[in-house]
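Undergrad: One structure is given below, represented as C-alpha cells, and several questions about it will come after.
The values are calculated or read from the model by the stated rules, or taken from the named source; none is laboratory data. Here the structure is a predicted model, which means the values were calculated and not measured. Methodologically, a virtual Cβ is constructed for each residue, glycine included, from the backbone with ideal geometry; neighbour enumeration extends over all protein chains shown.
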C-alpha cells in the first residue's frame with residue numbers, strides 16, 4: 001500500500017508555507033467526516049454511492065479485521081452524511097477467501113434494494129468476484145472469475161457494475177479473456193455470467209486492452225467505456241448489450257493518454273471523461289503531459305477541454321482520476337490524484353469544478369494542513385448526495401494515514417434522485433431525497449403521479465402515471481419543491497397495431513403507451529414513416545416506400561419502443 005513518506009510530508013509542509021496565499025475560501029468548505037485507521041478500513045479507492053435510505057455506501061481496498069491478510073482484505077461500510085461509520089463486512093473472513101478480497105469500484109444499488117460490487121482478488125479461484133450485500137451486511141458471492149479454462153471468462157475486475165434497463169448487470173475485467181487483455185461481461189441478478197467481448201481481438205490491439213473503468217448505459221441503450229492501454233494510449237468504445245463493439249476514439253498522447261475513469265453522459269447528450277496523463281500540460285514526465293478533461297460525442301469526436309498542469313507551477317494539479325459527476329448547476333466536478341511524478345511542484349490532490357466549455361476552478365487542495373490530516377491522493381471521483389453536498393474519499397492521509405471520507409460544499413441546494421432513471425408508464429420507481437411526508441406531490445414533467453407511497457422521510461415510491469413526460473421529476477412538500485438531478489425518461493411501449501399487414505401506403509394504427517413525445521416511427525428495416533400522434537396511447541402511421549416486413553418501432557424523447565409482432569409488407 002502506498003503511504004506518505006517523510007520526504008513527501010516535508011515537501012508538503014514547505015509548499016504549505018509558500019502557497020497559503022493561493023488557497024481560496026473554498027478550502028474551508030471541506031470537512032473530514034471519517035479517518036480510517038486500518039481496523040475500520042484502509043485505502044478507499046472508489047466513489048461513494050448513496051442508498052435509498054439516505055446513507056452513503058462504499059468499500060476500502062485494504063484494512064478490516066480479517067486475520068488472513070497482513071494489511072486486511074478490505075471492507076464494505078455504511079456512513080451517514082454526518083460521518084457515523086459502520087463496517088458492514090470484512091472480506092476474506094471465510095475459509096480460503098472464497099468471499100473475495102480487495103474490493104474495487106463503486107457499489108451500485110440495484111432495483112431489489114441491495115448493493116452489488118466486485119473484488120479484485122479472492123473468490124473460489126483467486127481472481128476476483130462479483131458480490132451482493134444487503135444494507136445490514138449480509139454478503140453473497142454471485143460469481144468467482146477464472147472459472148473457465150485459462151480464465152476465458154476474465155479475471156481481476158477493476159471497476160464497478162452498471163445495471164441496465166433490462167435488469168442485467170454489465171461490467172469489465174482488466175485481464176483474462178481469450179487474449180488475456182480483458183473482457184466485457186453480462187451478469188444476471190442470479191449470477192449467470194456471459195462474456196460479451198474479448199479485448200485485443202483486432203490486429204495489434206486496435207480495439208484497446210485492459211479496461212479499468214465502469215461502463216455507462218447511454219440514452220440510446222448501448223454501453224460505453226474506456227480501455228486504459230492498447231492502441232497507443234487507450235480508447236473510447238461502444239458495445240451493444242449483444243456484444244458488438246465499436247472503437248470510437250483512440251488517444252494519441254497529445255490529446256490525452258490512459259483514460260483513468262469512466263464516462264458520464266451530460267445533459268447535452270455528449271460524454272465527458274478524464275485521462276490520467278497526456279495532453280499539453282507542462283512540468284510532467286508522463287508521456288508529455290499531466291492529464292486532460294475531454295468531451296466526446298456519441299460518434300467519437302473528442303475535444304480537449306482542459307490540460308492539467310498548464311497553469312503557473314501546476315496550481316491546477318495533475319493526474320485527474322475517477323469518473324466526473326455533473327452537479328445540479330450543470331458543471332462537472334472531479335478530483336486529481338495530485339502527484340506530478342517527481343517534478344518540483346508537488347501536492348496530494350485536488351477537488352475541481354469545470355464548466356461544459358472548459359473553465360476549471362480548483363475548489364480544494366489536499367494536504368494543506370500539517371501532516372496531511374485532511375487526507376491526500378483521492379483515487380476516484382465524487383458523489384453529489386441529495387442534500388446538495390459532494391462526498392468523496394482519499395486513499396491516503398488523515399489522522400491514521402489510512403485515508404478519509406470527506407464532504408465538500410459548493411453552495412448547491414438539495415434535490416431528488418430516481419431509481420431507475422427510466423421506466424414505462426405504470427412502472428413503480430423509487431425517489432429518494434429528504435423531508436418527504438404523506439402529503440408530498442410527485443410530478444413527471446408536470447404530470448402528477450396519483451399512486452405515491454411514503455417509506456420514511458428519505459424515500460417515496462411512485463407509479464409512473466399515464467401521459468407522463470420525459471423530463472424532470474419534482475417532489476413538492478409543504479410548499480418546497482425539489483427537482484431531480486437528471487431527466488427521467490419515459491420509455492414507450494408498442495403493444496399492438498392494426499392491420500397486421502398491407503402494401504405501401506397502408507394506414508396503420510399503433511397502440512401502446514408513452515407516445516406523446518414521439519419523434520419518429522419506423523417499419524421493418526427502420527424505414528421512417530409519416531405519422532400522427534393521436535394521443536399518448538395511439539399513433540397513426542403510413543407504410544413508407546421501401547419498407548420491408550419486420551417489427552414497428554416508435555422513437556420518443558424517452559427512448560425507443562419496438563413491437564413484439566411483425567408487420568408484413570405485401
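Undergrad: What are the residues in segment 477-510 that are surrounded by 14 or more Cβ atoms within 10 Å (Cβ to Cβ) and under 28 Å from the mean Cα position of the chain (by Cα), if any?
TA: Matches in segment 477-510: 482, 483, 484, 485, 486, 487, 488, 489, 490, 491, 492, 493.
Undergrad: So residue 225 ticks every box in (1) over 15 Å from the mean Cα position of the chain (by Cα); (2) modelled with pLDDT of 95 or more; (3) assigned to a strand (DSSP E or B) but one. Which box is left unticked?
TA: The failed condition is (1).
Undergrad: Go through (1) over 20 Å from the mean Cα position of the chain (by Cα); (2) within 16 Å of residue 162 (Cα to Cα); (3) not in a loop (DSSP other than H, G, I, E, B) one by one and return the number of the condition residue 186 breaks.
TA: (1)
Undergrad: Among the numbered criteria (1) over 30 Å from residue 430 (Cα atoms); (2) at pLDDT 95 or above; (3) out of contact with any strand residue (DSSP E or B) (no Cβ under 8 Å at 6 or more places or on another chain), which one does residue 527 miss?
TA: So residue 527 meets the others, but not (2).
Undergrad: Go through segment 129-151 and give me each residue that's at pLDDT below 95 and on the phi > 0 side of the Ramachandran plot.
TA: 150
Undergrad: Further, regarding this structure: Which fully enclosed strands (runs of 3 or more DSSP E) of segment 362-460 have 2 or more residues being more than 23 Å from the chain's Cα centre (by Cα) and at pLDDT 95 or above?
TA: Values: elements: 390-394, 404-408, 417-419, 428-432, 441-444, 452-454.
Ranges flagged: 441-444, 452-454.
Undergrad: I'd like the full set of residues that are surrounded by 22 or more Cβ atoms within 10 Å (Cβ to Cβ) and more than 24 Å from the chain's Cα centre (by Cα), limited to segment 81-105.
TA: 90, 92, 97, 99
Undergrad: Still on this structure, please answer the following. Please state which one of 39, 49, 124, 111 is under 14 Å from residue 402 (Cα atoms) and surrounded by fewer than 24 Cβ atoms within 10 Å (Cβ to Cβ).
TA: Details: 49 fails: under 14 Å from residue 402 (Cα atoms); 124 fails: under 14 Å from residue 402 (Cα atoms); 111 fails: under 14 Å from residue 402 (Cα atoms).
From the options 39, 49, 124, 111, the qualifying one is 39.
Residues checked against (1) on the phi < 0 side of the Ramachandran plot; (2) part of a loop (DSSP other than H, G, I, E, B); (3) surrounded by fewer than 22 Cβ atoms within 10 Å (Cβ to Cβ); (4) modelled with pLDDT under 95:
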| position | (1), (2), (3), (4) |
| --- | --- |
| 153 | yes, yes, no, no |
| 166 | yes, yes, yes, yes |
| 181 | yes, yes, no, yes |
| 191 | no, yes, yes, no |
| 194 | yes, no, yes, no |
